[in-house]
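So the structure is just underneath, and the comments pick up after that.
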Amino acid sequence: MKWNHLKKASAAFAVALALGAPLAPIWQDGATVCEAAKDPDDLHKIAKPWPGETDVLLETPMGTLRGRRHENVRIFRGVPYAKPPVGELRFAPTEAAEPWEGVLDATQYRPMMTQYTTAKCDEGSLVLNIWTPAKEGEKLPVYVFIHGGAFATGSGSMATYESTNLAKEGIVAVTINYRLNAFGFLADETGMKEYGTTGNWGLLDQIEALKWVQKNIAAFGGDPERVTIGGESAGSFSVSALIASPLAKGLFRQAIMESGCILNIPTVAPITRGDLALSIGDSRRYIEMMGGADTPEGIRYMRGIHAEDLAANTRFRVHATTDPQPFCFWPVFDGAVLPEKPMEAVKSGELNPVRLLAGFNTDEGSLFTEQPATEADYHAAMYNVFGKNAPTFFARYPIDKTHDAFDRLNEIFGAASTKSGAVAYADALAKMGEDVYFYRFDFHDPGIPKESRLGVPHALELSYIFGTLSGAAAADEGAQKMSGKMLKAWANFIKTGDPNGAEGIDGQHWEKYDSENRQDFRLGDQSAMEPLHGEKLMLKINEALWGKE
């Protein structure tokens, strides 16, 4: 494959994985054209129905649902958990859905929330999807998964997240939609004055979904006292935010964080860094660009703008190190939904007590760094994130004969965007007496060419956990075996709080995390406990972002 074609394919592959797209359409037997680049909406593939599904009815506290059955799993798609956030509810706190009359059709997925795409969207689509294997009278553990996509794109109905395989492990699985980009994270001062919060509308959606689960999941055979929340990338940022949010207390008992933590917002959103004043200022620029103002009258005007026009100016950009977003619509440390000083809250143990499974992939930064990267790219990215602390990174992590700019950006940006915050959370929860398990996913997918330098990139683990492999991985015995291990480990944790089966994983016991002797469990061809990968770098990053203890 010629380099310029490889570079383009690598970029499209980055987007596809970040959005949770299956691997199959990306690499076509060494072809020089990336199929995903031809059809951007291929990145938003919705899960397909199973052949031979049959209708089922279910009585719930909200009303009667018509869903589908596949083998022993009942599937309910597109169930509303909140009122459509349109009109006066745009840029406002979430309101619970109301019961319906008659039979609600839950046989088809609803559109994704409005975002920059030509795929089918609907601003009102605050819905969830449920897979349940429960028989009458059963109370099974519940897993609520929050999708990633940089808080700008994605959907709970994407093909990668199809949860039948998790359900077959004896779990009631739930995926959700939530407001994205400006719809979900516009931080207007007007809203702060009116509601006492701003910029976290998407997180309030997630909290409302969890409240819905508490009230309704028993009808699906789920146990509301055994809820695990999980997510990847922005979904993992969300999980960590919910662990820190006083508004989410008591809504879940366990959590899974895959590649992301709210403490890493200064890296991925350097314009706002999650800061309330900076977020309000950035959103004000956006509001004024759209012709409005941060006043009650101006927000009413913003609520009347066509949804697609708002979304068109929140386009998701791939190469975060060299091509930052023009606006930063990410969660905000507002003092209401989230603590104003998150690292202080984490270090002092002001978190919702949960058992935690957390970790990352070996090469998290490779997706977000355009190839070939230059020394100027490296320096610009470090100053963009670390400011006056950037020179200390250049001294410790120089570009030399063994590490070029791409290597350093992969290493440092990956740790600073998706890894370091999870270590702080693991330390804090372990010190609170909670069971914590830490992992590093280190399996090389057979569909990723070695010359791409992607390694084990961000989001790769998703299709392994959900058992939704495609392309070369679906036909590869080693990949199938790896997927089986991952799915079992996640299911074990959801059911018991311990990812180990009766014989461990690959005959190895995944030990609990110890903040005094940090280790991770490397999940690869042969799994094993190892010293925490990149520990010194991650601790230095936390210090640079948040200061010394």
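What length, rounded to one decimal in nm, is gained on full extension from Thr295 through to Thr402, with 0.36 nm per residue of separation minus their alpha-carbon distance? All intermediate terms of the calculation are to be shown ahead of the outcome.
Values: separation 107, 0.36 × 107 = 38.52 nm, distance 5.43 nm.
Fully extending the segment from Thr295 to Thr402 adds 33.1 nm.
Using every pair of distinct Cα positions in the chain, the Kirkwood expression returns a hydrodynamic radius of 23.3 angstrom. If all Cα-Cα distances of the stretch 179-307 are sorted into 5 Å bins from 0 onward, what percent lands in each bin, rounded to whole numbers? Values per bin, smallest distances first: 2, 10, 17, 21, 16, 14, 11, 6, 3, 1. For the peptides 526-533, 481-488, 444-451, the ranking by packing is 481-488, 444-451, 526-533, with the highest mean count of neighbouring Cβ atoms within 10 Å listed first. Summary of packing: across the peptides 140-153, 298-311, 102-115, 349-362, the per-residue average of other C-beta atoms within 10 Å ranks them, highest first, as 140-153, 349-362, 102-115, 298-311. Across the chain, the relative contact order, built from alpha-carbon pairs under 8 Å that are at least six residues apart, equals 14 percent.
Legend: translational diffusion of the stretch 396-548 by Stokes-Einstein, Rh = Kirkwood radius over C-alpha pairs, 25 °C, 0.890 mPa s; D = 145 µm²/s.
Placing +1 on the Cβ of every Lys and Arg and -1 on the Cβ of every Asp and Glu, with no other charges, gives the chain a dipole of roughly 120 debye about its Cα centre. Each stretch of four or more DSSP H residues adds -39500 (n - 2.57); spread over every residue of the chain, this sum gives -9500 deg cm²/dmol at 222 nm.
Give me the percent of Cα-Cα pairs in the stretch 48-158 that sit more than 19 Å apart, rounded to a whole number. Mind dumping the intermediate values first?
Values: 3204 of 6105 pairs.
That fraction is 52 percent.
With the Cα gyration tensor of the stretch 238-370 giving a ≥ b ≥ c as the square roots of its eigenvalues, does the rule (a/c under 1.5 for rounded; else a/b larger than b/c for prolate; else oblate) give rounded, prolate or oblate?
Values: a/c = 2.18, a/b = 1.38, b/c = 1.58.
Oblate is the answer for the stretch 238-370, as a/c is 1.5 or above yet b/c matches or exceeds a/b.
Note on Lys431: lysines with a C-alpha under 24 Å away, same-chain residues under 8 apart excluded, are Lys249, Lys341, Lys347, Lys419, Lys495, Lys512, Lys536, Lys540, Lys548. Under a 5 Å amide H cut-off, with hydrogens placed 1.01 Å from N, His70 pairs with Ile75 among residues at least 5 apart or on other chains. Between the alpha-carbon centres of the stretch 83-142 and the stretch 468-501 there is a gap of 28 Å. Taking amide H positions as modeled 1.01 Å from N, with prolines and chain starts lacking one, the residues under 5 Å from Asp188 and 5 or more places away or on another chain are Gly199. Please report how far the C-alpha centroid of the stretch 247-291 lies from that of the stretch 356-395, rounded to the nearest whole angstrom. The two parts, judged by their Cα centres, are 20 Å apart.
Rounded to the nearest Hz, the phi-derived 3J(HN,Hα) couplings of the stretch 166-180 under the Karplus curve 6.51 cos²θ - 1.76 cosθ + 1.60 (θ = phi - 60°) are 5, 4, 5, 7, x, 10, 8, 9, 9, 10, 10, 9, 8, 5, 10, where x marks glycine and proline.
Can you give me the % of accessible surface on the chain that is carbon or sulfur? Probe 1.4 Å, all protein chains present, nothing else counted.
Values: 10100 of 20570 Å².
Within the chain, the accessible surface is 49 percent carbon and sulfur.
Pairs of C-alpha atoms in the stretch 394-441 farther apart than 17 Å represent 50 percent of all such pairs.
Only beta bridges with both residues in the chain are counted; by DSSP, about 40 percent of them are antiparallel.
The values are calculated or read from the model by the stated rules, or taken from the named source; none is laboratory data. Since this is a predicted model, take the numbers as computed values, not measurements. All Cβ positions, glycine included, derive from the backbone under ideal geometry; neighbour counts span all protein chains shown. The protein model used for the area step is the full one, side chains on, heavy atoms only, and it has no ligands, DNA or RNA in it. Shrake-Rupley method; radii C 1.70, N 1.55, O 1.52, S 1.80 Å.
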